[in-house]
Structures are given as C-alpha cells and as structure tokens.
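Have a look at the structure below, then the notes.
The values are calculated or read from the model by the stated rules, or taken from the named source; none is laboratory data. Every value quoted in this text rests on a predicted model; they were computed, and no experiment measured them. Note that each Cβ is placed from the backbone with ideal geometry, even for glycine, and that neighbours are counted across all protein chains shown. Just the protein is used for accessible areas: all its heavy atoms, side chains included, with ligands, DNA and RNA removed. Shrake-Rupley method; radii C 1.70, N 1.55, O 1.52, S 1.80 Å.
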Amino acid sequence: MKPYTYARARSIREALTAAGADTAFLAGGTTLVDLMKLEVMAPEQVVDINRLPLRGIRYGIGGLHIGALERMSDVAAHESVRRHYPMIAEALELGASAQLRNMASIGGNLLQRTRCGYFRDVATACNKREPGSGCAALTGINRAHAILGTSDACAATHPSDLAVPLVALGAEVQLTGTRGRRTVPLDAFYTLPGSTPHIENVLRPGELITGVSVPRSAWAAHSTYVKVRDRQSYEFALTSAAVALELRGDTIKEARIAAGGVGTKPWRLTAVERALKGRPATADTFEAAVAGAADGARTLAHNAFKPALLRRTLVRALTDLRERR
C-alpha cells in the first residue's frame, strides 16, 4: 500500500473542506481498503467520514429514506424495508458475507468498484484503472463480464446487488459538495463506459452521497430479487432480477424490472415492463415479455450463455412473485 495521509471529519462541512483533488472518503472501507492494498487505488489522502450525521432509516408518506452511512445489515433487517420494499432487503442479504454486510455502508455499496479481475490486477491492461491502456477482458477470460452497455474500451459488470432494485424502484441519491446539494435519479447517476470507462458516475470531485430516497408505491411491497451465481454464498451475480408487480386479480396493472450481472450499470428493462402491463400473469405472458430482454446484447467468447440465463432469471422471478400472493 502506498503512503497516504489520514484525517477524520466531524461534520459534512469539515469533510468537504478537507477533500482535495486526490482524496478518498472512508466509510465501511470494504472496497477502498482492498483496492488500496492492491494499489489499484492510491489516494494521497483518506478522509474518515464515519462520524458524520448521515445515519437513519425513515419511512413515511414520501417513501423510504436511508442515510448513506447506514450499514447493509441494519437496512436489510429494518422492519419498514422488509415490509414495504422486500426486494431491497433480499438484495442486501444476498450480497457479500455477513461480516462485510455489518461493515459496508449504503453509500459505499453504490460506489463499489467492479470485480473484473483485470481491473484488480495492476499487471494487466485496464482502461478503467489506467485510461488508454486497453482492455484485457475483451480477449481474455470474460465469463462473468457484461453483455449490455459495453464498449470497445470496457465490458466490466456493475457489482452492486442493492443498486438493481433501487433502479427498478426509481430511487434517487442525495449528493452534497462545495457547490451545494443536488438530487440525481440513481439510473442517471451511473454512466456507460463508452471511451471513458474510468468515469463510472456523475459524482463530482469532493462530492459526497448523503442519502438514498425510494418513492412509495403500490407495487414495491410485492417485489422480489433473484440472484443466479456460481455458488450460493459470497459470490457476485452472473445474472439477477429485481421485479415488482402490482396485480389486479390475475392481471398485471404495473411492473418494475431491472437486471444485474449483465450490464455495465444496473439495467432497467422498460420494454419488458411495457410488455407485461395489462396482461394476465401467466407463464405464456412471462415468456413472451422477456423474449427481448437482452436485445442489443454484445456477448464475448465466454459469456454467450448470459442472454438465455437472463431470460430464465426473469421468468423465475416473475413466477415466484405470482405464487407469493
């Protein structure tokens, strides 16, 4: 690990003032410290923000608000989250290990870096880690890599389970920087790699995530998160599906769907949502609706199985949800 200076902020203003051009904010540290040990990240300064007043989980008429420093395990166990947004609780409990969930913050989860092995190996080419160096994954081992939103510069998959249901539900992130506060829809927060894969989101230098808000809705309480992976625990998704349905009798009144493990960012499937709306909740409807879920996919040498796996994951999530009524 390369040398760095350490500071502990006691207020948001103090944290923003301390932040320089090459500063990393430290919350749970479950991604940052790993990457600093590998010298994938080497900030000159680390500012500890764990004492900032960014805690709290509130549910009311406007929906759900989660402070950025709340830990994954606490959010997953919260009664309002489990009752009104079950797919958020399920996604959190299917991510990482119990020990990591006790440490990792919600803000840090949304900002975690890709698990692409080439990104984490400083001896290989990676445009995300070192712009202009190339992408070893495009011709290397790419079984777990993305098929949607990729470019000639990067095919790294977005790793967060939590971000998938949040995108499906239309969540927003609150950001604070020296230029003031702003709110950004999470779907617009993440950027596609294009020719600049090192730019992963719209967060400005020195800006903090202070909280996440999820709107209240009729369909969020009837939702689920299905994750398909190579082993049952402590593994990232090959595919995942966050699905919420509002049913009137056997008819689908509203649907919200996003996919993980297949995109360079959490992937909202609005065409699938439209294909479900107003249709009977049957196996035939599900199969027909997901037929185009992977339209536009660009597969690599080892991940050509992902379009079919994504469709099966979506059907499984829809079927599970229908049978929960």
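Across segment 228-244, the number of residues qualifying as surrounded by fewer than 24 Cβ atoms within 10 Å (Cβ to Cβ) and in contact with a strand residue (DSSP E or B) (Cβ under 8 Å, 6 or more places away or on another chain) comes to 2.
The lone criterion from (1) more than 24 Å from ASN142 (Cα to Cα); (2) touching a residue at least 60 places away in the same chain (Cβ under 8 Å); (3) assigned to a loop (DSSP other than H, G, I, E, B) left unmet by LEU245 is number (3).
Here's the yes/no breakdown for (1) open to solvent by 30 Å² or more (accessible area, probe 1.4 Å); (2) charged (D, E, K, R); (3) assigned to a helix (DSSP H, G or I); (4) closer than 18 Å to LEU166 by Cα:
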site: GLU254; (1), (2), (3), (4): yes, yes, no, yes
site: GLY278; (1), (2), (3), (4): yes, no, no, no
site: GLY296; (1), (2), (3), (4): yes, no, no, no
site: LEU309; (1), (2), (3), (4): no, no, yes, no
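Scanning segment 185-242 for residues that are closer than 26 Å to CYS154 by Cβ, among the small types (Gly, Ala, Ser) and either in contact with a Ser or Thr (Cβ under 8 Å, 6 or more places away or on another chain) or assigned to a loop (DSSP other than H, G, I, E, B) (or both) yields GLY194, SER195, GLY206, ALA237, SER240, ALA241, ALA242. Residues in segment 18-44 that are touching a residue at least 40 places away in the same chain (Cβ under 8 Å), open to solvent by 40 Å² or more (accessible area, probe 1.4 Å) and outside any loop (DSSP other than H, G, I, E, B): PHE25 alone. Whether any residue in segment 146-156 is buried (at least 18 other Cβ atoms within 10 Å of the Cβ), without any contact (Cβ under 8 Å) to a residue 60 or more places away in the chain and among the acidic types (Asp, Glu) is what I want to check. No - not one qualifying residue is present in segment 146-156. Within segment 163-187, residues that are under 12 Å from VAL212 (Cα atoms) and among the charged types (D, E, K, R) reach partners that are surrounded by fewer than 18 Cβ atoms within 10 Å (Cβ to Cβ) and at pLDDT 95 or above with beta carbons closer than 9 Å, at six or more positions or on different chains, in the pairs GLU172/THR183; GLU172/VAL184; GLU172/PRO185; GLU172/PRO215.
I'd like the full set of residues that are open to solvent by 40 Å² or more (accessible area, probe 1.4 Å) and either over 17 Å from VAL75 (Cα atoms) or at pLDDT below 95 (or both), limited to segment 46-59. Step through it out loud before you land on a result.
As a first pass, look at segment 46-59 and keep what is open to solvent by 40 Å² or more (accessible area, probe 1.4 Å): 50-51, 53, 55, 58-59.
Hit for segment 46-59 is ARG51, nothing else.
Would it be correct to say that ALA89 is within 20 Å of ASN50 (Cβ to Cβ) and crowded, with 17+ Cβ neighbours inside 10 Å? So ALA89 fails the test. Determine whether GLU207 is among the acidic types (Asp, Glu) and touching a His at 6+ places or on another chain (Cβ under 9 Å). No: the conditions fail for GLU207. Considered as a group, the residues in segment 116-129 that are charged (D, E, K, R) and touching a His at 6+ places or on another chain (Cβ under 8 Å) include one that is least open to solvent (accessible area, probe 1.4 Å), and that residue is LYS128.
Pairing residues of segment 291-315 that are without any contact (Cβ under 8 Å) to a residue 60 or more places away in the chain with residues that are part of a helix (DSSP H, G or I) and surrounded by fewer than 16 Cβ atoms within 10 Å (Cβ to Cβ), at Cβ distances under 9 Å and at least 6 apart in sequence or on separate chains, gives GLY292/ALA271; ALA293/ALA271; ASP295/ALA271; ARG311/GLU287; ARG311/ALA291; VAL315/ALA283; VAL315/GLU287. Determine, yes or no, whether ARG101 is closer than 26 Å to GLU235 by Cβ and crowded, with 21+ Cβ neighbours inside 10 Å. Criteria met by ARG101.
Screening ARG113, ARG179 for residues that are at pLDDT below 95 and open to solvent by 30 Å² or more (accessible area, probe 1.4 Å) leaves exactly one candidate, ARG179.
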